[in-house]
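Enquirer: Sharing a structure with you now.
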Amino acid sequence: MKNLLCISRLFLPAVAILLAGCASVQPARFYTLTPLEQQAAKPNPRDEAPPPPSVLIAPVEIPDYLDRPQIVTRDGRNELNLAEFDRWAGSLRENIAAVMAENLSILLSSDRIFVYPQVRGEKTDYLMALRILRLDCIPGDSVLLKAQWTIFAGQDRGGVTHMAAFTERLADGSYEALAAAVSSTLAQASREIARTLWTPPTAAPR
């Protein structure tokens, strides 16, 4: 009986400590990218008002180290940090493609912006392949987005490739501000891509 009493005295505090530890586990927070606001976008002027272009966005490519639920930030030139409790709400590459589609739809005043493979068999004026070369997120400082995109046009789908870098300062050190800054760099990239789409690319020579 005494042995059982001793065991219970040792066991109950251990359980209490364990339960307290479980109760203090930090819950995960999830973030998503946001598209341009309709009022903030300035569609390109069209003198003769031709029909708005239609675009099919190919699957977006991102670096392998970004293709994970955790938000990845940069610490120095070569060190990366993974936020254990701050994560993307779903696939980052799919979120980028969806936001890009919404942005281009607003900027081009077109309701025919598609993300592969959501629409199959749809004939479009352009096919756009987007590759994210760098997405450097430095907490409390800035976000750098370096993107490469190729616009294919015409029946032979001759394409022209563009590359540009976009930066945005962070409002504060929070992950919410970081997600907003990434959204802002995507908005900058969307405006640049929209400008290239208004100037049809020349088919590559045969």
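The values are calculated or read from the model by the stated rules, or taken from the named source; none is laboratory data. Everything numeric in this text was worked out from a predicted model, so none of it was measured. So basically every Cβ, Gly included, is an ideal-geometry build from the backbone, and we count neighbours across all protein chains shown. These area figures cover heavy atoms from the full protein model, side chains too; ligands, DNA and RNA do not enter into them. Shrake-Rupley method; radii C 1.70, N 1.55, O 1.52, S 1.80 Å.
Enquirer: Within the set of pairs 6+ apart or on separate chains, which have a first residue in region 83-107 that is closer than 14 Å to Gln70 by Cβ, a second that is surrounded by fewer than 17 Cβ atoms within 10 Å (Cβ to Cβ) and among the small types (Gly, Ala, Ser), and C-beta atoms under 6 Å apart?
Expert: Listed pairs, sorted by first residue: Phe85/Ala28; Arg87/Ala28.
Enquirer: Looking at Val160, Val143 in this structure, which one is touching a residue at least 24 places away in the same chain (Cβ under 8 Å), more than 21 Å from Leu36 (Cα to Cα), part of a strand (DSSP E or B) and touching a helix residue (DSSP H, G or I) at 6+ places or on another chain (Cβ under 9 Å)?
Expert: Result of the check over Val160, Val143: Val160.
Enquirer: Now for a separate question. Return the residues of region 79-108 that are farther than 27 Å from Pro53 by Cα and of a type in the set (A, V, I, L, M, F, W, C); say none if nothing qualifies.
Expert: Leu80, Leu82, Ala83, Phe85, Trp88, Ala89 - these are the residues of region 79-108 that are farther than 27 Å from Pro53 by Cα and of a type in the set (A, V, I, L, M, F, W, C).
Enquirer: Hey, another quick one. Scan region 96-105 and give yes if some residue there is touching a strand residue (DSSP E or B) at 6+ places or on another chain (Cβ under 9 Å), of a type outside the set (A, V, I, L, M, F, W, C), modelled with pLDDT of 95 or more and not in a helix (DSSP H, G or I), otherwise no.
Expert: The answer is no; no qualifying residue exists.
Enquirer: Right, here's the next one. With the structure loaded, tell me whether Glu84 is open to solvent by 20 Å² or more (accessible area, probe 1.4 Å) and over 30 Å from Pro27 (Cα atoms) or whether it fails that test.
Expert: No; evaluated as a whole, the condition is false for this residue.
Enquirer: Somewhere in region 192-203, is a residue modelled with pLDDT of 95 or more and open to solvent by 20 Å² or more (accessible area, probe 1.4 Å)?
Expert: yes
Enquirer: Another question, if that's okay. Name the residue that is farthest from Tyr175 (Cα to Cα), counting only residues in region 50-79 that are modelled with pLDDT of 95 or more, in a strand (DSSP E or B) and open to solvent by 30 Å² or more (accessible area, probe 1.4 Å).
Expert: Glu61
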